[in-house]
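The values are calculated or read from the model by the stated rules, or taken from the named source; none is laboratory data. None of these values were measured; they are calculated from a predicted model. Here the Cβ is made from the backbone with ideal geometry for all residues, glycine too, and neighbour counts use every protein chain on show. Surface areas here come from the heavy atoms of the whole protein model, side chains and all, with no ligands, DNA or RNA. Shrake-Rupley method; radii C 1.70, N 1.55, O 1.52, S 1.80 Å.
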Amino acid sequence: MGVNENDYSLYGSLDWNKIILYENYSNWEVFYLSERGTRDNFHVFHSEEEACQYILNEFQKSLKIHSKASELLKSKRAAMDLLMENGCVEILSNITDKVLFSEACSWSFLEFIGYCVEIQKVENKNELFSQLADKLCFRNFEYSWDDLMVHFQDFNWIENTDIYIIHHDLSCLSSQDINNYYEVIYDTIHFWDEKKNHKVYFIFSKNEKDRFYLLKGIGSE
């Protein structure tokens, strides 16, 4: 079926990011072993045949989903192009194509092709930290810009290649906080551009664009 051999282990080897077939006395266990060591989607079968049939079915479903995701990706790109052509979505020209600004756009389609979180209006940086920590499952987060950078560089637990962090309203943040946040964003984007296993996009209200362009090192449009 063209399934990569690195996606599974049929002989009990406990390798990360694989579906594992594990013989445990009279039972056969099937689970996905994450990088964090958790055994996700755990199932127990009474025969090897049942367990292997389950794995086969899972890969068949996965291939169908992958095919559908490819179609959705094309649709997403077409939708994004249409939004940009109509001036609904803008980027930071000549700086990065992963910081997007929109006005009353619906981003619901992104949920089908990537890992998507929405940050509602925040009144201060601590509210921003709190929502990011909650939506992105940060552990032991210290509520600082430096620690935010550390957590933004720890997205390997997210299976989706594309990650979209949507901000509805940052208008209450001070200019200094916006500046600090953008420095974290800029470094995060370049970090993942070099890693190449994730693409991280940050989406903001169009009202924020002028503030971003006034940041040090960006200048005016």
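Of all residues being among the acidic types (D, E) and farther than 18 Å from S34 by Cβ in the range 117-156, which is surrounded by the fewest Cβ atoms within 10 Å (Cβ to Cβ)? Just the residue, please.
D146
Taking D169 as the residue in question, decide whether it is closer than 30 Å to Y32 by Cα, among the charged types (D, E, K, R), touching a residue at least 12 places away in the same chain (Cβ under 8 Å) and touching a strand residue (DSSP E or B) at 6+ places or on another chain (Cβ under 7 Å).
no
Can you tell which of E159, E123 is out of contact with any helix residue (DSSP H, G or I) (no Cβ under 6 Å at 6 or more places or on another chain) and over 30 Å from S75 (Cβ atoms)?
Testing whether each residue is out of contact with any helix residue (DSSP H, G or I) (no Cβ under 6 Å at 6 or more places or on another chain) and over 30 Å from S75 (Cβ atoms) leaves just E123.
Can you tell me which residue is modelled with the highest pLDDT among those in the range 21-41 that are closer than 19 Å to D154 by Cα and not in a strand (DSSP E or B)?
Filtering the range 21-41 for residues that are closer than 19 Å to D154 by Cα and not in a strand (DSSP E or B), the one modelled with the highest pLDDT comes out as T38.
Listed residues G219, G114; which is open to solvent by less than 60 Å² (accessible area, probe 1.4 Å), farther than 30 Å from Y32 by Cα and at pLDDT below 90?
Just a single option satisfies the conditions, and that option is G219.
Within the range 189-198, is there a residue that is in contact (Cβ under 8 Å) with a residue 60 or more places away in the chain and crowded, with 16+ Cβ neighbours inside 10 Å?
yes
(1) closer than 14 Å to V117 by Cβ; (2) open to solvent by less than 70 Å² (accessible area, probe 1.4 Å); (3) not hydrophobic (A, V, I, L, M, F, W, C): which one isn't true of H168, the others all being true?
(2)
For V99, state whether it is open to solvent by 40 Å² or more (accessible area, probe 1.4 Å), of a type in the set (V, I, T), closer than 16 Å to I189 by Cα and modelled with pLDDT of 75 or more.
Criteria not met by V99.
Is it true that L56 is modelled with pLDDT of 90 or more, closer than 22 Å to G2 by Cα, part of a helix (DSSP H, G or I) and open to solvent by 60 Å² or more (accessible area, probe 1.4 Å)?
yes
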